[in-house]
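Take a look at the structure below.
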Amino acid sequence: MICKFVRMAAASACAGLGVISCASGHASSSGVSRGSAAAPVAVLTTISTFNSFVSAVGGTRVRVESLVPVGVSPEDYQPTPADIARLHGAQLLVENGLGLEAWLARTIENAGNPNLRVLVASDGLPTKGGNPHLWMDPELARGYVRAIRDALAKIDPADRDLFAKNAQAYDRQLLALEREIAKQIATIPPASRTMIVFHNAWQYYDDRFGLRTLGVIELAPGQEPNPSYVADLVRLARANHVRAVFAEPEYSPKLIQTLAESAGIKTIEDLYDDSIGTNPRVHDYPSMLRYDTGVIVKALGGR
Ligand SMILES: [Zn+2]
């Protein structure tokens, strides 16, 4: 399904190019700077976490919305007719790929928008076992930003320099964010740098910052673990003196509460990864990672 989708995305991208250059040419013939005269590029992302990247690079030259609403999991999302209509009117779709949005290929097909350029943001980045959550590592998020910069420049070449400048500034922010997180994680006692998580969104973040993803409750979207698997996780948690089990607000807390009770550890139910939060403290990518890091550091005994 993924291979088919990537091929389709490439075809859409080529189809988009002709129309895009035509639109830009029209704007420049008016004699007004294309940067200010043309309408902003209509961008859709699959998840709200990516909106930060698009806004940071595109500034006022883009209009961005996510298909999956804030607080909803992209892995089991059911697209709506309104999503098809939005895709029909969009110029660029930024998706993650690697199976995060299994519902998307059909939705794009249904939208029938030959001008839609599709960017698979994880393309070309180093993946681990097919885990799609690359953006949770700010180092890899820099790759998403570069890909978005290039995609926007193809759609709106008149603003290429602006996109490049914005992307460079945001890249510096991501580097600073990475250093800041590393410093905070370093305050966690080394023996406690271990997480059991609800779904495996933390692998890239954990690997970057020297944490260990010891266990994952839900191995595949929507797949409830059987009791013996949960019992194994409890044993693992006890044997490794794990301090907490972590989940996102979009999932039912029942399983992590059961596990935490059996293992005698605490539950953290407000980590954000696939979606930013309705909590104003978690309104974009940097604030999301700062918030998450604060929660993790506190739960694992750091400062
Ligand atoms: Zn996820």
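For the reader, a short list of remarks on this structure follows.
- Residues 66, 252 arranged by fewest to most Cβ contacts within 10 Å: 252, 66
- Contour excess over end-to-end distance, with Cα ends at residue 262 and residue 207 and 0.36 nm allotted per residue: 17.1 nm
- Projecting the Cα positions of 211, 229, 187 onto the charge dipole of the chain (unit charges on Cβ atoms of Lys, Arg, Asp and Glu, taken about the Cα centre) puts 187 furthest along the positive direction.
- Sequence-distant aspartates and glutamates (8 or more away, or on other chains) whose Cα lies within less than 20 Å of residue 128: 75, 95, 101, 137, 139, 178, 206, 207, 218, 273, 274
- Placing one equal scatterer on every Cα of region 196-303 and applying the Debye formula, the log10 ratio I(q)/I(0) at q = 0.14, 0.15, 0.16 Å⁻¹ is -0.53, -0.61, -0.69.
- For residue 88 and residue 128, a Förster radius of 41 Å and the Cβ-Cβ distance give a FRET efficiency of 0.70, rounded to the nearest 0.05.
- As a rough footprinting exposure proxy, the listed residues 238, 149 were ranked by other beta carbons within 10 Å of their own, and the order from fewest upward is 238, 149.
- With a Förster radius of 30 Å applied to the beta-carbon distance between residue 223 and residue 161, the computed FRET efficiency rounds to 0.05.
- Cut-off under 5 Å, modelled amide H: who pairs with residue 117 long-range: 92, 93
- Residue-count net charge about residue 95 - beta-carbon cut-off 12 Å; Lys, Arg +1, Asp, Glu -1: -1
- At an R0 of 22 angstrom, the distance between the Cβ atoms of residue 270 and residue 39 translates into a FRET efficiency of 0.05.
- Sequence of 202, 103 once ranked by neighbouring C-beta atoms within 10 Å, starting from the fewest: 103, 202
- Protection proxy ranking of 71-83, 135-147, by the mean of other Cβ atoms within 10 Å over each peptide's residues and highest first, is 135-147, 71-83.
- Those lysines that a straight Cα-Cα span of less than 17 Å connects to residue 266, excepting residues fewer than 8 apart in one chain: 254, 298
Rule-based calculations on the coordinates, nothing more; no lab input. Note that the structure is a prediction, hence the values are computed from the model and not measured. Cβ sites come from the backbone with ideal geometry, for glycine too, and all protein chains shown count toward neighbours.
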